[in-house]
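The values are calculated or read from the model by the stated rules, or taken from the named source; none is laboratory data. Since the structure is predicted, the reported quantities are computational estimates derived from the model, not experimental observations. Note that each Cβ is placed from the backbone with ideal geometry, even for glycine, and that neighbours are counted across all protein chains shown.
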Amino acid sequence: MNTISKETRLTLAYIFIAFLFSVAVRMIWAYQFGDVEAFKFNGQFMINTNDGYYYAEGARDIFSKIHQANDLSPIDNATSILTAFFAKILPLSFETIIFYMPIFLSSLIVVPVILIAKSIDNLEMGFIAALLASIANSYYNRTMIGYYDTDMLNIVLPMFLLWSIIWAIKTNENKYLLITALDILLYRWWYAQSYSLEFSFFGLILLFTLVYERKNLYNYKLLAIMMFAMINLDLFIRFPLVLAAFFFFKEERFQKYVYPILAISVVAFFATGGFDPIWHQLKGYVFKDAVSVADTGLKLHFFSVMQTVREAGQIPFSTFADRISGHVLTFILSTLGFVYLAYRHKIMLFALPMIGLGFLASVGGLRFTIYAVPVLAFGVAFLITELSQKIPNAKLRYLSMAAFTLAILYPNIEHVNSYKVPTVFNADEVKVLDKLKTKLDREDYIISWWDYGYPLRYYSDVKTLIDGGKHGGESNFPVSFMLSNPQQISAKMARLDVEYTEKTFKLAEESKDKNLTIFTNIEQMTKDYGFKDTNDFLASLSTDIHLPEKTHDIYFYLPYRMLDIYPTVTAFSYINLMNGEKQAAPFFFISRGFSETQNAIELGSGISLSKKESSIKIGNKSVPVKRFVKTSYDTNMELQKSVQMLDYNGYLNVIYMADYKTFLVIDDKTYNSLYIQLTVLEEYDKTLFEKVIATPHAKVYKLKV
Ligand code: MN
């Protein structure tokens, strides 16, 4: 019988323990929220990342084999495919699989971490680094239980790549050529933006070869096979290419062809446009465009989402350090430790691309920090093992290692304990969406703000206009316009935008090879109705215009929680599309923490409502109130309201939503908007809308035109 070496057994034991540790820490959330029914649907927890519903929709459609053209369901997506595969082979519910998948896949990070440490004969370092890397703040945040997103393998796969590159360079064994190339294929399949890391690794190996091992033929084989894995062709072409290269390189008699093959691979890489995404990215860092202006036709100016994102600004050092190592001190020790580690074991310098991408966080945003987590974890783990080496007594040595390890883990576990992320939806909201699934057809459209796009498609299996991936200024404009305009105008825009969206799908299909310019819906409408100025077209919506023929039913999903983002929603249509001028934001004030005094109700932020006079005080200014509205639910959960007209010349309206303990102070335009009228007041035009579902959490209306 083959006996497994003691080292292998120890490696497996470390991997097993670190994996269990990573899973166990991620279970803390489930333990904390075990009895919170509001977080559950069908007896299982719901996920806590909005984008997850995108992959879940694709997985559901692959699993059930039901999918229609242009429903935007990602049935070719790797995450969706893997999820559907798990759903097929595991005796677990779909909800259970998507909820628990992140914790098992992301915990695989411990495998390459320990294997990399094994390559420099320091298993203890690998074990300590694995414990830290698996739960350090930013890695935890993006791979926690229910965080169903590509992140669950986005660090695991490049760490395996790093592992195989290190072994390839160290041993020059043929099998690592194949493993490296296969890992690139897998990583690219999983995550399309993987090229930046792949290319950095490639560049580093090239540099290393030119400087230190110019005569080592093996390195050129490695570079060539990596290049074949990275060319911009379908996976089904790259895979056989990689296999062919591997069998060629293995043969002694073909060694003289290595250089020509490398040359071919490089030419193929550039010729297929493999370098294009890298070039685009580099260009993106140099020229940051702030306004999104269409470059053809009317040159409309849309509100750009990036404006709000970029305003986030610089990340303070302590946040950056906490995200990577859990504590500023650990981060500093990790950095110093990594420098020392790389000095003692030069091979570890191949990890630099991961650190580089992690440090890009200072310009590219916090989400990049996770790339530096596992590599810097090696740094502090190396310091701990080196320090312990100095202790002569074996018992004391292990005791000190354990103590230091607990010390670096502690702040991270503290973070896990306090990071109480809620699920995206609550149970009552999902009940509404679930009900819609049985009532609506797959081809029906539900209009709502983009935050609800993916979840609506997942739970109700319908079509949407905007979602977590489609929310540029040009797509958001019509929806923002509908939600913030009077019903008579919004209804027309709803019919127009849905029909034009469908028309655009067909046009895109027809013009695939012809390279036609496809205009935004709003621009095409403007032209079709004979206008040259979009503002004139929008103004014409209040007149009796001829609407396109109805091909799809349209519903509005209007959740109560959208109240909090109403001003953001309006920003996308409170803009003059012709010149980009922003209109003054609506007067919109929401108060949930109010208190009553003898003469007034203090709403906060220096705003108070006088009890005696029908006026509202904003700072020192007293403004007459036009309407005072009070809403509440009766015992049948039917909305009741009383509207008091106080001053026709008033400009502000006050709505007291008694059962929500919420005050709204809003201007006339907001008061008359579709969102406020249909959601807060259930005051709908019966010739245009039909009430489908009305709960305190969400209202759903069907469009009749
Ligand atoms: Mn569908």
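Structural remarks
- Within segment 417-433, the set of residues being in a helix (DSSP H, G or I) and buried (at least 21 other Cβ atoms within 10 Å of the Cβ) comprises E429, V430, V432, L433.
- Condition met for S460 (modelled with pLDDT of 95 or more, crowded, with 20+ Cβ neighbours inside 10 Å and within 15 Å of the ligand (Cβ to nearest atom)): yes
- Annotation note: Cβ proximity below 9 Å between a residue of segment 8-36 that is at positive phi and basic (K, R) and a residue that is modelled with pLDDT under 95 and buried (at least 19 other Cβ atoms within 10 Å of the Cβ) (sequence gap 6+ or interchain) occurs for no pair.
- Where helices (runs of 4 or more DSSP H) fall entirely within segment 55-128, those with at least 2 residues that are over 20 Å from the mean Cα position of the chain (by Cα) and more than 16 Å from the ligand (Cβ to nearest atom) are at 78-89, 110-119.
- Residue in segment 466-476 that is in the same structural domain as D544 (by TED's automatic domain parsing), β-branched (V, I, T), in contact with a strand residue (DSSP E or B) (Cβ under 9 Å, 6 or more places away or on another chain) and in a helix (DSSP H, G or I) present: no
- Failed item in (1) touching a His at 6+ places or on another chain (Cβ under 9 Å); (2) under 30 Å from R457 (Cα atoms); (3) surrounded by fewer than 16 Cβ atoms within 10 Å (Cβ to Cβ), with N579 passing the rest: (2)
- Any chance I545 is without any contact (Cβ under 8 Å) to a residue 60 or more places away in the chain, more than 33 Å from the chain's Cα centre (by Cα) and assigned by TED's automatic domain parsing to the domain that holds Q524: yes
- Residue in segment 73-92 that is at negative phi, at pLDDT 95 or above and touching a Lys or Arg at 6+ places or on another chain (Cβ under 6 Å) present: no
- Verdict on F481 being part of a loop (DSSP other than H, G, I, E, B) and buried (at least 16 other Cβ atoms within 10 Å of the Cβ): no
- Any hit, segment 500-518, residues being in contact with a helix residue (DSSP H, G or I) (Cβ under 6 Å, 6 or more places away or on another chain) and in contact (Cβ under 8 Å) with a residue 60 or more places away in the chain: no
- Counting the residues of segment 649-680 that are among the aliphatic types (A, V, I, L, M), touching a helix residue (DSSP H, G or I) at 6+ places or on another chain (Cβ under 9 Å) and within 18 Å of I565 (Cα to Cα) gives 8.
- Matching residues, segment 440-457, being assigned to a loop (DSSP other than H, G, I, E, B) and more than 12 Å from the ligand (Cβ to nearest atom): S448, W449
- Some residue of segment 43-51 being more than 16 Å from the ligand (Cβ to nearest atom) and part of a helix (DSSP H, G or I): no
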